[in-house]
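Engineer: Have a look at this one.
The values are calculated or read from the model by the stated rules, or taken from the named source; none is laboratory data. Values in this document were obtained by computation on a predicted structure and should not be read as measured data. In this analysis, Cβ positions are derived from the backbone assuming ideal geometry, glycine residues included, and neighbour counts consider all displayed protein chains. Please note that ligands, DNA and RNA were not included when accessible areas were found on the heavy atoms of the full protein model with its side chains. Shrake-Rupley method; radii C 1.70, N 1.55, O 1.52, S 1.80 Å.
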Amino acid sequence: MNAPLIDLSQIPEAADEVTRGAAYRTALKAAKAALHQRFMQDESVLQLVSDQAQVIDQLLTHLWSHQMRDLDECLCLVAVGGYGRGELHPHSDIDLLLISRDEPDRLVQHLEPFLRFLWDIGLVVGHSVRTLEACVSEATADITVATNLMESRLLAGSRTLFEAMKRATDADHIWPGADFFSAKLAEQQARHRRYHDTAYNLEPNIKEGPGGLRDLQMIGWVVKRHYRAETLAALVEHEFLSLAEYQELIDAQTFLWRIRCGLHLFAKRREDRLVFDHQRRLAELFGYRDDGRRLAVEAFMRDYYRTVKRLSLLNDILLQHFQEVILTQAGQSKPVPINRRFRLNHGYVEVIHPRIFKRYPIALLELFLILSQHPEAKGVRANTIRLLRANLHLIDDDFRAGLPQRSLFMELLRQPKGVAHALRRMNRYGILGAYLPAFEPIIGQMQHDLFHVYTVDEHTLRVIENLRRFTQAHHSDEYPLCSHVINHLPKPELIYIAALFHDIAKGRGGDHSELGAADAIQFCRHHGLSEYDTNLVAWLVRNHLMLSTTAQRKDISDPDVINDFSAKMGQRTRLDYLYLLTVADVRATSPAIWNGWKDALFAELYTSATRALRRGLANPVDKDELLSETRNDALALLSEEGGVDLPKVPPLWGRFNDDYFLYYSPEEIAWQTRAILRHGDRLDPLILIREEGWRGGTEIFIFTPVCHHHFATTTALLDQLGLDVLDARVMPSKDGFTLDCYIVLDTNQQPIREPFQLDQIERTLSERLVCTAPTQSDVVRRTPRQQKHFSVNTRVGFQQLEARGRTIVEVVTSDRPGVLSKIAQGLVQCGLRVHTAKIATFGERVEDLFFVSDERNHPITDPLKLAEIDATLTRQLSA
């Protein structure tokens with residue numbers, strides 16, 4: 001008999017239900033408080049989870065003995081699910097099954113008061129009431145029910161009924177081992193797909209996600225069903241696990257149980273999501289501290305990701321073993337030799353002899369080259385994965401220095417297929433971090449923000465997967481420009497090396513681009529690359545942010561910007577490699593980051609720079625030449641399409657400044673010119689909307705008389721319509737009008753396609769863009785939950801572009817609904833005229849640039865005025 005963990009001695013025997021309920025609640029509260037205290041004192045979580053279940057056992061059996069003992073012959077109370085395993089976390093549901101000899105309807109008068117009393121005293125109970133026959137029929141039809149019954153445990157009542165249920169639902173009667181395994185494997189695969197087959201999420205689910213507790217339970221279920229064993233230790237007896245691997249499983253379970261207990265206690269309810277707020281609190285509770293290079297929460301999450309990675313790998317090894325034993329018939333097919341070291345066995349690559357890696361250490365790398373050369377292989381056989389892990393120590397300095405090993409690794413990177421899959425497997429099995437010591441520290445390394453949703457190693461592998469996707473003909477319609485460019489690269493392996501090293505120095509402190517470039521140089525020279533190739537890879541790593549920064553933070557319609565960027569490229573080859581690396585990098589940062597606007601923006605910069613390099617750096621793009629070319633092409637389109645009084649076009653264009661012709665394409669100018677001429681001399685706003693223009697978003701063009709608050713009003717209206725502004729141009733004409741362009745997307749980062757939404761935008765802007773009082777920024781959207789956990793101090797900075805008569809105002813602040821409108825209102829209050837807005841959002845942080853002037857189109861250079869702008873914007877954004 002277990003020692004009492006809950007004091008039930010004060011429960012009055014003959015009191016009314018209300019009094020007894022209060023006494024039970026008091027006893028339960030005290031028992032839970034004691035468990036909570038023991039957890040905070042770092043007592044073994046394995047014992048605490050067991051004791052939590054025992055507290056409920058003792059309470060339920062006490063209640064049963066006082067309220068239900070007269071029904072012991074015809075009814076039994078059974079713990080199922082996690083509670084059936086004897087595992088309860090602080091706020092886990094208490095899953096109960098009541099098995100009745102008779103139809104449950106006859107027992108309603110007894111069962112309803114009992115179950116209601118459980119809820120009244122504070123137990124969160126999930127229950128079902130079934131006859132023995134119903135248990136069998138429902139378990140036969142539903143694998144989840146069968147699993148719950150397999151883990152059941154008698155608490156009180158008829159043992160005869162309980163044992164009859166166990167016999168009737170065991171593997172001899174329903175769900176035999178092979179069927180059970182197949183169903184549970186399919187169930188796990190579907191569950192993993194719901195989490196995009198990765199455990200590396202910002203706020204992972206520690207129970208259901210890949211590598212989580214459910215994967216550990218999956219192993220236990222197979223052990224119980226097929227081997228009729230109650231504990232994972234039986235796997236050691238059956239030689240499916242070594243003692244070291246068994247301890248690894250227990251350590252992983254212990255770590256995840258500590259996290260889950262902490263989550264429940266902090267949330268004060270059942271919670272399996274490791275959300276940002278709890279990540280920080282758990283890191284502090286578990287003794288993690290900021291160390292200058294990484295935050296405490298980043299160190300904690302690194303341990304979490306590494307734990308689930310190990311658990312996921314052990315899950316793979318064991319399930320593959322089970323599959324071979326349970327599903328695969330011995331001698332079904334003969335192994336097919338690949339070479340003297342490897343063969344295919346049931347579709348999986350395996351070593352021919354268990355001592356292959358000891359005799360030929362190079363085989364540790366050769367395995368992955370074979371995988372890339374044999375796409376028919378399903379993967380690596382479980383026993384070979386275990387041998388890989390056992391022989392990782394052979395990859396030492398001497399191994400890495402060997403010419404055969406270095407040559408083999410480069411051969412792998414030069415394979416036409418399978419490179420990304422091979423590198424991912426190398427990382428999964430620990431080979432990549434062993435062969436590239438600089439890579440090992442970034443495994444599981446996360447960045448505690450909303451921009452980088454993957455760990456650094458996962459992000460790196462996704463960059464390479466994106467690059468490989470560009471090479472595949474059946475995906476060429478997704479990114480046609482990337483597919484065209486990559487298929488003309490002289491040495492594709494160089495971009496894979498650059499991808500491996502572009503973030504390899506994250507978390508070290510210092511400039512990760514410079515540190516990564518130094519690592520890349522060392523790698524390239526060590527692997528025999530030419531000095532030219534080495535310099536190209538190092539240049540790519542050092543400058544991997546240059547294209548995205550230029551496109552998003554500078555005015556790429558300005559010929560001077562294009563000429564300067566092209567000069568930094570120096571040659572077309574660098575531009576090609578950098579463009580591909582940039583697209584792959586941004587796409588791999590977060591599923592929410594990439595959109596059609598970024599695609600078009602990067603392509604525009606690439607195309608403009610290509611044209612500039614083709615002309616030659618000694619013959620840069622001339623502004624006047626570009627203006628003339630654009631006007632001529634637009635006029636030709638108007639002439640070709642007809643319906644326009646051509647003599648009216650030059651006078652109209654004479655009203656516009658050069659910026660208009662530099663920014664818009666000939667097609668856009670022709671479209672807008674035709675509409676403006678039809679609009680005539682009317683003073684009401686002309687609103688033109690393209691559902692999805694070539695710039696990758698919905699394009700809104702506004703032609704209206706100048707009003708100093710139009711930018712603030714427009715951004716406020718667009719925000720109230722639920723639109724995200726990605727880019728804005730405000731171009732005053734020479735005669736008091738303005739030609740404005742806004743590129744917008746909806747909250748799902750998609751162009752607006754619904755006709756009623758497009759009509760609503762046009763109607764709202766037409767009605768409200770009149771030169772009266774400015775529209776206030778009434779925030780109608782809620783700040784997302786995740787963003788509330790991050791605070792970015794507002795910073796305002798300035799750059800001078802005196803040659804263009806502009807001052808750049810840079811605003812860094814927390815992202816939230818209405819932030820652009822607040823900034824715009826602050827600029828209006830300072831009497832500034834906005835010409836261009838470059839909007840950039842990086843997770844929880846916005847970094848917006850505004851090209852402004854005073855009312856006379858002069859830059860803002862007075863220090864007092866700059867201080868006023870800083871103070872006004874800071875005040876506006878803190879309101």
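Engineer: So, in the range 602-624, how many residues would count as being part of a helix (DSSP H, G or I) and not charged (D, E, K, R)?
Structural biologist: 10
Engineer: Which residue is most open to solvent (accessible area, probe 1.4 Å), if the candidates are limited to the range 845-856 and must be within 29 Å of Lys734 (Cα to Cα) and either of a type in the set (D, E, K, R) or free of Cβ contacts under 8 Å to residues at least 60 places away in the same chain (or both)?
Structural biologist: Looking at residues that are within 29 Å of Lys734 (Cα to Cα) and either of a type in the set (D, E, K, R) or free of Cβ contacts under 8 Å to residues at least 60 places away in the same chain (or both), I get Arg856.
Engineer: Arg425 fails exactly one of the following numbered conditions: (1) in contact (Cβ under 8 Å) with a residue 60 or more places away in the chain; (2) touching a strand residue (DSSP E or B) at 6+ places or on another chain (Cβ under 8 Å). What is the number of that condition?
Structural biologist: (1)
Engineer: Would you say Thr573 is open to solvent by 40 Å² or more (accessible area, probe 1.4 Å), in contact with a helix residue (DSSP H, G or I) (Cβ under 8 Å, 6 or more places away or on another chain) and over 28 Å from Glu699 (Cα atoms)?
Structural biologist: Yes; evaluated as a whole, the condition is true for this residue.
Engineer: Which condition breaks for Arg795 when tested against (1) at pLDDT 85 or above; (2) buried (at least 17 other Cβ atoms within 10 Å of the Cβ); (3) within 33 Å of the chain's Cα centre (by Cα)?
Structural biologist: Exception for Arg795: condition (2).
Engineer: In the range 654-672, how many are open to solvent by less than 20 Å² (accessible area, probe 1.4 Å) and either aliphatic (A, V, I, L, M) or at pLDDT 95 or above (or both)?
Structural biologist: The qualifying residues number 2.
Engineer: Related question: Which strands (runs of 3 or more DSSP E) does the range 804-879 wholly contain that include 3 or more residues that are touching a Lys or Arg at 6+ places or on another chain (Cβ under 7 Å)?
Structural biologist: Because the criterion is at least 3 residues that are touching a Lys or Arg at 6+ places or on another chain (Cβ under 7 Å), the strands (runs of 3 or more DSSP E) in the range 804-879 that meet it are 833-838, 845-853.
Engineer: May I pose another question? Mind checking which residues of the range 294-352 are among the acidic types (Asp, Glu) and within 30 Å of Gly509 (Cα to Cα)?
Structural biologist: Glu298, Asp303
Engineer: Could I ask something else about it? Filtering the range 585-614 down to residues that are among the hydrophobic types (A, V, I, L, M, F, W, C) and within 15 Å of the chain's Cα centre (by Cα), which residue is least open to solvent (accessible area, probe 1.4 Å)?
Structural biologist: Ala588
Engineer: Restricting attention to the range 700-722, and to residues there that are hydrophobic (A, V, I, L, M, F, W, C), open to solvent by 10 Å² or more (accessible area, probe 1.4 Å) and outside any helix (DSSP H, G or I), which single residue is nearest to Tyr664 (Cα to Cα)?
Structural biologist: Per the criteria, the residue is Val706.
Engineer: So which of Glu376, Glu324, Glu366, Glu350 ends up being in a strand (DSSP E or B) and of a type in the set (D, E, K, R)?
Structural biologist: Unique residue meeting the criteria: Glu350.
Engineer: In addition: When you look at His502, is it open to solvent by 10 Å² or more (accessible area, probe 1.4 Å) and not polar (S, T, N, Q), yes or no?
Structural biologist: no
Engineer: Before we move on, is Ala3 among the small types (Gly, Ala, Ser), over 34 Å from the mean Cα position of the chain (by Cα) and at pLDDT 95 or above?
Structural biologist: It is false that Ala3 is among the small types (Gly, Ala, Ser), over 34 Å from the mean Cα position of the chain (by Cα) and at pLDDT 95 or above.
Engineer: Let me ask something else. When residues of the range 551-601 are filtered for being farther than 18 Å from Cys482 by Cβ, in a helix (DSSP H, G or I) and of a type in the set (A, V, I, L, M), how many remain?
Structural biologist: Residues in the range 551-601 being farther than 18 Å from Cys482 by Cβ, in a helix (DSSP H, G or I) and of a type in the set (A, V, I, L, M): 3 in total.
Engineer: Here is a further query. State which residue is surrounded by the fewest Cβ atoms within 10 Å (Cβ to Cβ) when the search covers only the range 673-686 and only residues that are in contact with a strand residue (DSSP E or B) (Cβ under 6 Å, 6 or more places away or on another chain) and hydrophobic (A, V, I, L, M, F, W, C).
Structural biologist: Result: Leu683.
Engineer: Identify, from the list Asn535, Asn563, the residue that is over 25 Å from the mean Cα position of the chain (by Cα) and modelled with pLDDT under 95.
Structural biologist: Asn563
Engineer: Further question: Which of the residues that make up the range 185-230 are of a type in the set (D, E, K, R), touching a residue at least 60 places away in the same chain (Cβ under 8 Å) and farther than 23 Å from Arg270 by Cβ?
Structural biologist: Lys224, Arg225
Engineer: List pairs: first residue in the range 277-297 and touching a residue at least 60 places away in the same chain (Cβ under 8 Å) and closer than 19 Å to Phe255 by Cα, second residue surrounded by fewer than 19 Cβ atoms within 10 Å (Cβ to Cβ) and among the basic types (Lys, Arg) anywhere in the structure, Cβ distance under 8 angstrom, at least six positions apart or on different chains.
Structural biologist: Pairs that qualify, where the first residue is touching a residue at least 60 places away in the same chain (Cβ under 8 Å) and closer than 19 Å to Phe255 by Cα and the partner is surrounded by fewer than 19 Cβ atoms within 10 Å (Cβ to Cβ) and among the basic types (Lys, Arg), are Val297/Arg280.
Listed here are the residues, each with its yes/no results for (1) of a type in the set (A, V, I, L, M, F, W, C); (2) closer than 29 Å to Ala252 by Cβ; (3) modelled with pLDDT under 90.
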| position | (1), (2), (3) |
| --- | --- |
| Gly331 | no, no, yes |
| Val336 | yes, no, no |
| Tyr348 | no, yes, no |
| Val351 | yes, yes, no |
| Tyr360 | no, no, no |
| Phe368 | yes, yes, no |
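Engineer: Restricted to the range 47-60, and to residues that are open to solvent by 20 Å² or more (accessible area, probe 1.4 Å) and either touching a Gly at 6+ places or on another chain (Cβ under 9 Å) or modelled with pLDDT under 95 (or both), which residue is farthest from Asp251 (Cα to Cα)?
Structural biologist: Out of the qualifying residues, it is Asp57.
Engineer: Please specify each residue of the range 60-101 satisfying the condition of being free of Cβ contacts under 8 Å to residues at least 60 places away in the same chain, among the hydrophobic types (A, V, I, L, M, F, W, C) and assigned to a helix (DSSP H, G or I).
Structural biologist: Selection gives Leu63 alone.
Engineer: Would you say Leu638 is closer than 30 Å to His679 by Cβ, buried (at least 18 other Cβ atoms within 10 Å of the Cβ) and touching a residue at least 60 places away in the same chain (Cβ under 8 Å)?
Structural biologist: no
Engineer: Applying the selection to the range 534-550, what residues are assigned to a helix (DSSP H, G or I) and of a type outside the set (A, V, I, L, M, F, W, C)?
Structural biologist: Scanning the range 534-550 gives Thr534, Asn535, Arg542, Ser548, Thr549, Thr550.
This table checks each residue for (1) at pLDDT below 95; (2) over 23 Å from Leu394 (Cα atoms); (3) basic (Lys, Arg).
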| residue | (1), (2), (3) |
| --- | --- |
| Phe439 | no, no, no |
| Met446 | yes, yes, no |
| Leu450 | yes, yes, no |
| Arg462 | no, yes, yes |
| Asn466 | no, yes, no |
| Phe470 | no, yes, no |
| Ala473 | yes, yes, no |
| Leu494 | no, yes, no |
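Engineer: Run down Thr715, Thr698, Thr747 and say which single residue is at pLDDT 90 or above and within 29 Å of Glu847 (Cβ to Cβ).
Structural biologist: Answer to the selection: Thr698.
Engineer: Same structure, new question: Go through (1) surrounded by 14 or more Cβ atoms within 10 Å (Cβ to Cβ); (2) of a type outside the set (Val, Ile, Thr); (3) at pLDDT 90 or above for Leu71 and report which single condition fails.
Structural biologist: (3)
Engineer: Can you tell me how many residues within the range 205-222 are open to solvent by less than 10 Å² (accessible area, probe 1.4 Å), under 15 Å from Asp316 (Cβ atoms) and assigned to a helix (DSSP H, G or I)?
Structural biologist: Residues in the range 205-222 being open to solvent by less than 10 Å² (accessible area, probe 1.4 Å), under 15 Å from Asp316 (Cβ atoms) and assigned to a helix (DSSP H, G or I): 4 in total.
Engineer: For the range 385-402, what are the residues that are under 19 Å from Arg340 (Cβ atoms) and either among the aliphatic types (A, V, I, L, M) or modelled with pLDDT under 95 (or both)?
Structural biologist: The answer is Leu387, Leu388, Leu394.
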